Amino acid sequence: MPGDEALAFPEETHLKNLRQLTFGGQNAEAYFSRDGKELIFQSTRGDLACDAIFRMNSDGSHVRQVSSGKGVTTCSFIAPDNHSITYASTHLQHDRCPPRPDYSHGYVWPLYENYDIFRAGPEGEDPQRLTDTPGYDAEAVYSPRGDRIVFTSLRGGDLDLYLMNPDGSGVEQLTFAAGYDGGAFFSLDGDWIVWRASRPQGRDLAEYQALLDEGLIRPGRLELYIMNLKERKPIRITDNGAANFGPYWHPDGRHIIFASNMHDPQGRNFDLYLIDIETREIERVTWYDGFDGFPMFSHDGKQLVFASNRFGKVTGETNVFIADWE
């Protein structure tokens, strides 16, 4: 499938053969299957009032819905053996979409208490509940080895990272500091994770806890952390006061790609950046004056998929793009 060079900006030298895979609606968090042939993503399109889970080939063909369309869903992922998928959903409690958050608090993310994590067949058949605790359970991702799932949960009264077996057993807590820990991904060897975290202090901590009581979080300042799963000591790798999120490991194990608004004083323009975890050097990858986020490398490192508002037909439209990585 040939790319449209007009989709990439001259400064985006890492992105070759950039092509658009979705057209219209809200499409985000597209993640590769282990072999790179397929993508799973969440989308609000057509008659849907909120996100459902879809799969498609990595050239944008054979798009199909793999969740029921009941409730709202988020954070899907394909198991390395391609025999199952995971996602979070509220469908057991509500057929309809939950109410949108109260933006009188400013820009906030909802933490729907009825979110639980489900594992289903590769086409969404026979979904089985993996979590059954009060409060938010979501953001689940398989290890490349297929032996563990990392996820975010409010079960302990704060938003922390946990590990569990693929059947939901053997739950272990990974983070303990006050603040939001979420959006974790494994390194290709399965030995490390990277994630986004807030560490509010003083009044910021009081506000964080007050919003949490209302099922909300304000993603204003998020720094990136990594952790070796043997030592289990969090290591902060950014310290810029920006909203850094969506980190994903490059297969070389040394670089992480992520989204950030670090270069926009207004905090509205998100671009993709690459950080060296040893030197902490940061390189800007995308240059669109709008939103670029949710990046993921294919397991061979040859392709990058991400979501962007670039060249949408209506304001705020988000689509999935794929490029050859150079």
Within the range 203-220, count every residue that is part of a loop (DSSP other than H, G, I, E, B) and charged (D, E, K, R).
2
Kindly indicate whether any position in the range 77-90 is within 22 Å of Val150 (Cα to Cα), within 20 Å of the chain's Cα centre (by Cα), modelled with pLDDT under 95 and outside any loop (DSSP other than H, G, I, E, B).
no
Can you name the residue in the range 260-312 that is in contact with a Pro (Cβ under 7 Å, 6 or more places away or on another chain) and under 19 Å from Trp195 (Cβ atoms) and, of all such residues, is surrounded by the fewest Cβ atoms within 10 Å (Cβ to Cβ)?
Phe297
From the residues in the range 208-252 that are surrounded by fewer than 20 Cβ atoms within 10 Å (Cβ to Cβ) and of a type in the set (S, T, N, Q), which one is farthest from Tyr103 (Cα to Cα)?
Asn228
By residue number, the members of the range 43-66 that are free of Cβ contacts under 8 Å to residues at least 60 places away in the same chain and within 16 Å of Ala79 (Cα to Cα) are Phe54, Met56, Asn57, Val66
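The values are calculated or read from the model by the stated rules, or taken from the named source; none is laboratory data. Note that the coordinates shown come from a computational prediction; the quantities given were computed from them, not determined experimentally. Glycine also receives a Cβ, built like all others from the backbone with ideal geometry; neighbour counts cover every protein chain displayed.
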